[in-house]
Every structure is written in structure tokens, then in C-alpha cells.
Amino acid sequence: MSESYPDPPVEPATISPETLAGRLADGEGVRLLDVRDRDEYERWHIAGPSVTATQHSFAKALQAQVRGSVDELAAQVAGEGPITVVCARGEASAYVAGLLTEAGVDAHNLAGGMDGWARVYEAHELDADEATIVQYQRPASGCLGYQIVADGVAAVVDPLRAFADRYAADATRLDATIEYVIDTHVHADHVSGLRSVAAATGGEALLPARAHERGVVDDIGTLADGETRSLGETTLRTVALPGHTTGMTGIAVGGVLLTGDSLFLESVARPDLEASDDAAAFARELYATLTERLDAFDDETLIAPGHVGERTVRNDDGSYAATLGQLRERLWAFAVDEATFVERVTENVPARPANAEAIVAANLGRRTPSDDDAFEWELGPNNCAATAD
């Protein structure tokens, strides 16, 4: 049962999650006051290179109202400029934003709260020559997905179930038909849209052949290492990139490589999600991916990952991508030996994604959650990257 909150003393201005996302994309400074409890805030909150966030509970705001010290509460919010107040669903934050407004503070409420934030899904095109590649971004979790279009044919890679309708609509806008729906691996942090997008569009649902070894129970097609699919005159090629999970596979198209959850822009994949007892073995596989399998690609290859970190800076065109040469120079993982690499990525791993077991079961076809349950399961950060820096 959800809590009820009193009407704010003054109706505050509001900001939509989409507007907030746009400001963050533009690099504008954003000053946040999160009025959820500390544990909720620490588990998951809005972050970014231009975000300054402060957590004070709703109860503390009520105390400030009773004491007549709302202006002092505002002074304790780090940063400068207007204050955006955040809570779970935009109700408690509306009251606090009203208190601040009544006290003469420039404040507004994030409409829908973190629930609304989780529903933001942006799209930016990558700089690609052989096809149109749309990168989908979910700021709330850092999940990235893709649609590749060439000659009126489209492939969707790593779709999210929560936004299943979006891909078909964008394909129509691009005058294309979705023929392939591909997951690069069995995801543990979000409920995949593989099945729902394929069912809605008639596209062929595909998982890497080795990912099937984890126990896929329904009729999903397979992609072997090095296998190709055609988008008109353009060829998609699968590239085995194991180490994060069994069967982790990238998709190469022209000079672009979609790396899924193997290589990110600020880190590399964590190797413990599938089997924590075998994390060292997975880490050795990941090291071979970085030093041997990716050695087949030149420095100019554009890397488009499956996730992005909360502090990663976007490119000027709004996308998250970098050349392999840039990553080889930037990331410690390319400069150490295997033993050092294994030690660093298996120590101090982050917490597992929330509801990972249920999400994996859904993505293997063993569970069929409702839309509401699927959405709730995946709220929070993705936690698919290693913490070593």
C-alpha cells in the first residue's frame, strides 16, 4: 500500500523526467534534493557528471517545517541554482518542493519521481558509415540498446521489454522492417524485450548459441560465433566476447562493434554474475577477449557498449561510444598481465543487480512476469561493470 502525503502548502513548479534527462544530456548543472530514506537513496539515485545531489529524508523536511527552518534545510543542499526535489513517485517531493517554494527558494518537483525517471528512454544516432545505428539510452540504469537499419531492413539488439513498442515505431519512422531481434547474452539486470519485440514485429528472436547452454526453455534461434545476417547489402557478424557470462557475443557491422557487456567506455565487465564460484575462470576468459579476440579489430573500430556508467560523459552528438584505440589507451585492463587482471576484477565486486535471479529466469523463458512486475524487478543501477579502475 502506498503512503499518502498532504497537499503541499504552495503548489510547486514541476519538471518532467524527460526535461531533466535533456538537461543532463546537455551537460547543464543540476542540483538535486532526494527526500527518500538513506537506504533507498544509496541503492539507486540520479547521478551524472553535472549532478550535485543531497539526501535529506522527508521526515527531516517536516521537522524543518515545524521548526521554521526550511531556509536552513535549503542551505544544506549542495550545489547552486534551482533545487529539483526527488522521491519515489513525486508525491513526498511535491510537498517538500512546496515548502521550499513557500520559503522563497527556487525549487521544483520531479514529476513521477524515480518511477518516472525509470521510464525515460532516449535515442541518438551513432556516427556509422554502412548503416543507420540508433543507440537507445535508459538514464535510470545505464542500459544501452540498438537498432541497426540498412536497405529497409532492421535488427534490434538488446531491447528492453519496458520499451518494446518503441523499436517498431522507430523502424516505421526509418522506413524499415525489423527482421532480427538479438540479445548479446542472457541479461541479469533488466527483463529483455527479445520475445515481445519479436512477437510484435515478426522478427526472428536470436541468442548466441553458447548462451542457450544456460537453459533457454522456449523456441529462440541461435547465433554461432562468426555467423552473419544480412540487412540488404550490409552484413552483421557475431563475435564471441565471453567472460561476463557464457555466450557473451558482440555484433560487428562495418566499422562499429556492439560489445554488449564485455567492454565498456570506463571499465570492463564483471565476471561473477553467472557463477560466483567460477569468477576467476570467467575473468581469464574476459582477459582473452580483451587481449586476443579484440586484437582482430583495429584502433579505429567504434565501440558501442551495452551499458554506461553514471559518470560517463556523452559525446557531442549525445551518444556513448569511443574508438577501440581510445579505450586501449584509457583503460587499465589493456595494460596489465592476466594474473593482475584476474585479481583486480574478482576483488571488491559490486552488489548483484536487484532481483537478478528472477530476471535471468524471465530472460531464459522460465518465468513470465507481468509488465508491472518486470518494471519493478529492474529498478535500480545495472551493476554489470567491474569496480576496478
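How many residues does the range 223-250 contain that are polar (S, T, N, Q) and more than 20 Å from residue 154 (Cβ to Cβ)?
So the count comes out to 2.
crowded, with 19+ Cβ neighbours inside 10 Å and either in a loop (DSSP other than H, G, I, E, B) or of a type in the set (Ser, Thr, Tyr) (or both): is that true of residue 272 in this structure?
Working: crowded, with 19+ Cβ neighbours inside 10 Å: yes; either in a loop (DSSP other than H, G, I, E, B) or of a type in the set (Ser, Thr, Tyr) (or both): yes.
The answer is yes for residue 272.
Can you name the condition, by its number, that residue 316 falls short on among (1) charged (D, E, K, R); (2) surrounded by 19 or more Cβ atoms within 10 Å (Cβ to Cβ); (3) at pLDDT below 95?
(2)
Would the range 177-192 turn up any residue that is open to solvent by less than 30 Å² (accessible area, probe 1.4 Å), of a type in the set (S, T, N, Q) and either part of a strand (DSSP E or B) or closer than 17 Å to residue 256 by Cβ (or both)?
Yes, the range 177-192 contains a residue that is open to solvent by less than 30 Å² (accessible area, probe 1.4 Å), of a type in the set (S, T, N, Q) and either part of a strand (DSSP E or B) or closer than 17 Å to residue 256 by Cβ (or both).
Within the range 79-98, restricting attention to residues that are assigned to a helix (DSSP H, G or I) and open to solvent by 10 Å² or more (accessible area, probe 1.4 Å), which residue is farthest from residue 7 (Cα to Cα)?
Looking at the filtered set, the residue picked out is 94.
I'd like to verify a number: residues in the range 366-389 that are buried (at least 17 other Cβ atoms within 10 Å of the Cβ), out of contact with any helix residue (DSSP H, G or I) (no Cβ under 7 Å at 6 or more places or on another chain) and in a loop (DSSP other than H, G, I, E, B), how many?
The number of residues fulfilling the criteria is 5.
Looking at the range 17-32, is at least one residue farther than 30 Å from residue 312 by Cβ and not polar (S, T, N, Q)?
No; the residues of the range 17-32 include none that is farther than 30 Å from residue 312 by Cβ and not polar (S, T, N, Q).
Quick check on my filter: what residues within the range 211-260 are on the phi > 0 side of the Ramachandran plot and either open to solvent by 50 Å² or more (accessible area, probe 1.4 Å) or in a strand (DSSP E or B) (or both)?
Within the range 211-260, just 260 meets the criteria.
Since residue 284 meets every condition but one in (1) of a type in the set (D, E, K, R); (2) at pLDDT below 95; (3) assigned to a helix (DSSP H, G or I), which condition does it not meet?
Here residue 284 meets the rest and fails (2).
Quick check: is even one residue across the range 145-154 surrounded by fewer than 21 Cβ atoms within 10 Å (Cβ to Cβ) and either in a loop (DSSP other than H, G, I, E, B) or on the phi > 0 side of the Ramachandran plot (or both)?
yes
The values are calculated or read from the model by the stated rules, or taken from the named source; none is laboratory data. In this text, all values refer to a predicted model and were calculated from it rather than measured experimentally. Every residue, glycine among them, receives a Cβ derived from its backbone with ideal geometry; neighbour counts consider all protein chains shown. We work out accessible area using only protein heavy atoms, side chains counted, and drop any ligands, DNA or RNA first. Shrake-Rupley method; radii C 1.70, N 1.55, O 1.52, S 1.80 Å.
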